[in-house]
1. When segment 1009-1059 is examined, which residues are found to be among the small types (Gly, Ala, Ser), modelled with pLDDT under 90 and under 19 Å from Val1102 (Cα atoms)?
2. In segment 346-391, which residue that is small (Gly, Ala, Ser) and in a helix (DSSP H, G or I) is surrounded by the fewest Cβ atoms within 10 Å (Cβ to Cβ)?
3. Of the conditions (1) surrounded by fewer than 19 Cβ atoms within 10 Å (Cβ to Cβ); (2) in contact with an Asp or Glu (Cβ under 9 Å, 6 or more places away or on another chain); (3) part of a helix (DSSP H, G or I), Thr557 satisfies every one except a single condition; which number is it?
4. Restricting segment 28-53 to residues that are in contact with a strand residue (DSSP E or B) (Cβ under 8 Å, 6 or more places away or on another chain) and not aromatic (Phe, Trp, Tyr), which is most open to solvent (accessible area, probe 1.4 Å)?
5. Restricted to segment 235-251, and to residues that are out of contact with any Gly (no Cβ under 8 Å at 6 or more places or on another chain) and open to solvent by less than 10 Å² (accessible area, probe 1.4 Å), which residue is farthest from Glu173 (Cα to Cα)?
6. Restricting attention to segment 567-577, which residues are outside any loop (DSSP other than H, G, I, E, B), open to solvent by 10 Å² or more (accessible area, probe 1.4 Å) and closer than 15 Å to Arg452 by Cβ?
7. Take Gly895 and tell me if it is surrounded by 22 or more Cβ atoms within 10 Å (Cβ to Cβ), in contact (Cβ under 8 Å) with a residue 12 or more places away in the chain and in contact with a Ser or Thr (Cβ under 9 Å, 6 or more places away or on another chain).
8. Mind counting the residues in segment 101-119 that are part of a helix (DSSP H, G or I) and within 20 Å of Val156 (Cα to Cα)?
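The values are calculated or read from the model by the stated rules, or taken from the named source; none is laboratory data. This is a predicted model, so every value here is computed, not measured. In this analysis, Cβ positions are derived from the backbone assuming ideal geometry, glycine residues included, and neighbour counts consider all displayed protein chains. Protein only, heavy atoms only, side chains kept; ligands, DNA and RNA dropped before computing areas. Shrake-Rupley method; radii C 1.70, N 1.55, O 1.52, S 1.80 Å.
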Amino acid sequence: MRSRSNSGVRLDYYQRIVHRLIMAHQQPVTGLFPASPANHHAWIRDNVYCILAVWGLSMAYKKIADQDEDRAKAYELEQSCVKLMRGLLMAMMRQKEKVERFKITQNPLDSLHAKYSSKNGQAVVRDDEWGHLQIDAISLYLLILAQMTASGLQIVFSLDEVSFIQNLVFYIESAYCIPDYGIWERGDKSNHGQPELNASSIGMAKAALEAMNELDLFGARGGPASVIHVLADEAHKCQAVLQSMLPRESNSKELDSGLLSIIGFPAFAVDDPSLIEETRDAIVTRLQGRYGCKRFLRDGYKTPREDCSRLYYERWELRMFENIECEWPLFFCYLILNHAFHGNKDAVSNYVAKLEDIMVKTEEGMKLVPELYTVPNDSVNDEYKNPGSSQRLPIGRTPFLWAQSLYILGKLLQEGFLAVGELDPLNRRLGAQKKPDVVVQVVILADDDEIRMKLADHGFHVQTVAEVAPIEVQPARVLSHLYTYLGRNKKLGLTGRKSRDVGILSTSKLYSLKDRIFAFTPQNIDFDEYYTTRDPDLLASNFTNNLAFLAQSWSHTLGRPLHVLTFHSFLLDQNRIPLAMIQTMKKLKSGYINGTRVMLGNLGDFLNTSAVTDLSFLGSQEDGYPDKLNPAVQAYLDEHLLRSISHKNSLAGMRGGSLRPRNLRRRMSVKGAIKKTRSINVDSETLGMEDSSATSTVPPPAGPDNREITPRPEISEDGLPPNKVQIQTSDVPRINISRHHRVGQSESNFENTEVEELLAMLRETENLEEQGDILQYLVDTQGLEFNTELAANDDQSNNNSNSTNQGMLEGGRVVTVRDLLKGLYEKACQQKLWGLVRHTAGMLGKRVEDLAKAVTDLLVRQKQVTVGMPPTNEFTITAPLPEAELRQLIHEAYGDDESTAMLTQELLVYLSMFIRTEPQLFHEMLRLRVGLIIQVMAKELSRTLACDGEQASEHLLNLSPFEMKNLLHHILSGKEFAVSSVARGNFSIVSCKSSRVSKKSQIGLGDIDEDPSTLIDDRQGQWLRRRRLDGALNRVPRDFYPRVWTVLERCQGIAIEGRVLPQSLTQEMTSNELKFALEVETALNTIPQPEYRQLVVEALMVLTLVTEHNVSHSLGGIIYVEHLVHKANQLFLEDQRAVSGDATLCCAKAKDGSKETTATGNLLCGGAAYICQHLYDSAPSGSFGTMTYIAKAIACVFECLPKNGDVDCSIQ
């Protein structure tokens, strides 16, 4: 122990430094710090970092405060912190209208300002004059507010301020999908004002959300009204996206030293120790220099080559900044703190020594941290040649208060005045430590006594929903509605939470409300909303996935997760408990399910062990009755309870559906009306190569003979705006993919068929497919809101007869076509006719679970999504969209094909499930083309079932949701599958135990240890199929894009299908930059045939070998990759003629090299893009492999390669 006098003297030294360098600049009125004496602007981020040294010093004084003088110093320092934090709070509260708008629009112009006047806290620049949207700054403020409050400071004084801070939580909770300008206020590194998704912003938001959760802003003096609530799922989404991005910062910045604030102090946002180490090592290796770290690669700020007359950079000039980027001592401060928190004293001493070497000393001996070090003008050329050799100069602000504050904190830690726990009272630093296994509590409830008895027959004794009283069980949508009351404040004009999304982490708690306790079922098994929940197999699969997710993601919460599943009557399969549910429940009883520890029991048993959240914010706080429930909430709960009781027996049926057929009923002439809407093409041998005139799903322009398109007037079932198009005609020609022969068929079928006759047929038929065809026609001709009684009355008046025809009646009430469709949908669900379910769901405007969230899950993990059938009707989605817009886009992409539009929505949900649980399936895939995936799925079924394309499409659309998900998984993972049973269109997908297939999806250029004979499968069609699958999934080999970058460096450009990637891209973008990968991907996607695309990818990979082995310094002008592929094909056919190979039956038949074609102009063998099918079906490696022929083609075509001597082109 050092003597008290020494420690007191040393602290007084630091107090003098803090006072002179930091507190002397604090504005006495607002408490804010100006950027410099000449600039009164106060940045939120810089101000929060500045005050950390003051806060740290105050806690150091508290520990030795034996004398009144020390206590007074501690108090003065604390109040300085409070003044600054309140100054920032007041400045933000003046812009409360922006917070309210931003929750809805998420528009950068509606964001809180990033800087304010230090004199009066007012705005200093207009909304459009600065990149204000900086989520990391607001998040940092909330995080430090939480830590300071936990350390005992009282910063928030009133409940109005609590409401505002609760709304700041809503402001940042969607950080994982909001592009912002980031920690350097630039957005894209070219500084053109384009915001992008930044890992540092997402990490800081995740830390703030976790720190704020259940925090009482009044500290020990508070009550339920001053507690902040955060939905745990929002923080988890930020974590998932952050983990998928690291160590990359954004699309344009492949690495950024700002990430040091995320992987360590102050955020501690990463829970994976290996990812923390990987990110830190990448920064130290690639960005660290003698004077600090570069912010990011090719950062032009304050470099000698920067043109100070303009804010932005030209794309081509970014390359000039390479190796001369400024180095910031600030990052040594972060590294000191991070090593101090890990207890690594040697590393702390090492970085302190490095930092103090480059600090600027004053005449009085004080050490100041400069803002940055730049290369002198006359040393630029030397630095280019020999990076790190020049003596750099300090420029910018000295001291740089942000860095000076962190340096002082680091010294206080190093000298033992502070313990790491004092700087982190919320214990965020422990997040990366290993935690004990989570036990997931599971409760299964029966909807009624009948189901309870059925479950008891199988040995499962459960309670009914009524028997668990006083606990009330409700669907997740009730919880989402209750959370909209959180943060409401009439005085401030704040309306609470806008997002209606409630994830499984939130529904896995119990909620107390006055004297009531609520349990909630998960959102993704909400039976009223989504047809996919009607499939017991999918429900069982999702249920198991939910349990695994809870075990993995449950953290920062007291109590165990509680998963409640209610067993409804429509889950029964022919009045029996489905086998999938029985098997799942047996596993639950064993205590383990797929490696997850579970405990099955009754709801009452888990009251004491579950996490419980108090919904006290639902009280009438603003009316002065905090103990009384808000009247609007009371009315909602009463109404919802009534509705859930009365809903059970209200499912509509169609009158007439049970009538027996009449003796001489004529055959229906509407057969196939639904099938005519299909747009999945499988019969074409070259997927995606359909004639563009046949692929259009858009009707021709309106004219005398064409029909006019008008929007439907109705609102879809879930209250969203109408998003389909109705053709207002009495005879509807359909224009669909390769179905010209069907256009006009409906006219001939329905020439003499009046609406009344159709209604009569509808009453008589029991076949649901026929009912679907009739209703499809009625929707096309009359519209969804057509009143069937009007048709009957019109018919009577027209015939002047005494017939007693009536419209379709249900319970004495006239029904519309929409009502009939609803009835048909329910029946199709019960009978598991999934093709009909999907089609009617699409017509009714039903939605799949969380479509917008599913697409966002894919996008934020840096995957772009396209919908529609290639090549003419594909729409690319590159940014998150609202649900209504997404559905509108999907329906536009597929025209009248409701079935495929619904299937697309469904597949997007499955893809998002897989990317959350098995991200490795998506490695080396940048763009997911859903239309192409659908075509490949149908093609695979066609191959497996040996049926034609139309039958395969029907089989695909009739797959149950679980089997659809299963098939998609097989296609993504490259596993072989077989169809186990076919019964009325329903069959099951089973894996083949083939270990030979998994390696084939990659074109590997690394060392292969396996015996080649195990990798090459000579079954016919195998390699063609692999290429087709990989091409459809846009999968490329590992490190493909950086390798293409090296090729582009050595030539003038790369041309793919007429699209040129210019060499200038390498001037703007670094090799691992995501923006570059997307440029290459966009060029590759101009190729419509998947297998041809894969050959082009292989050709590019062989080109990379030429550069990697330094065969030639330059590859010349523009490289036309297709020329190489066609030359390789030509060489292949020559070899085939020489050895009388299989290709002599088709492309190599003619001796003169000409190719025979079919009447339509295609090759005899059906090869895409005039490449022989047998070349597509060759293995990549070996002496007759595709890559060997491509290597030979390169040797022939490139003038830069040596022309004499023998070259061995075979690639293993």
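1. The one that is among the small types (Gly, Ala, Ser), modelled with pLDDT under 90 and under 19 Å from Val1102 (Cα atoms): Gly1031.
2. It comes out as Ala353.
3. Of the numbered conditions (1) surrounded by fewer than 19 Cβ atoms within 10 Å (Cβ to Cβ); (2) in contact with an Asp or Glu (Cβ under 9 Å, 6 or more places away or on another chain); (3) part of a helix (DSSP H, G or I), the odd one out for Thr557 is (3).
4. Per the stated criteria, the residue is His40.
5. Taking the candidates together, the pick is Met245.
6. Ser569, Arg576, listed by residue number.
7. Details: surrounded by 22 or more Cβ atoms within 10 Å (Cβ to Cβ): yes; in contact (Cβ under 8 Å) with a residue 12 or more places away in the chain: yes; in contact with a Ser or Thr (Cβ under 9 Å, 6 or more places away or on another chain): yes.
It is true that Gly895 is surrounded by 22 or more Cβ atoms within 10 Å (Cβ to Cβ), in contact (Cβ under 8 Å) with a residue 12 or more places away in the chain and in contact with a Ser or Thr (Cβ under 9 Å, 6 or more places away or on another chain).
8. Residues meeting the conditions: 0.
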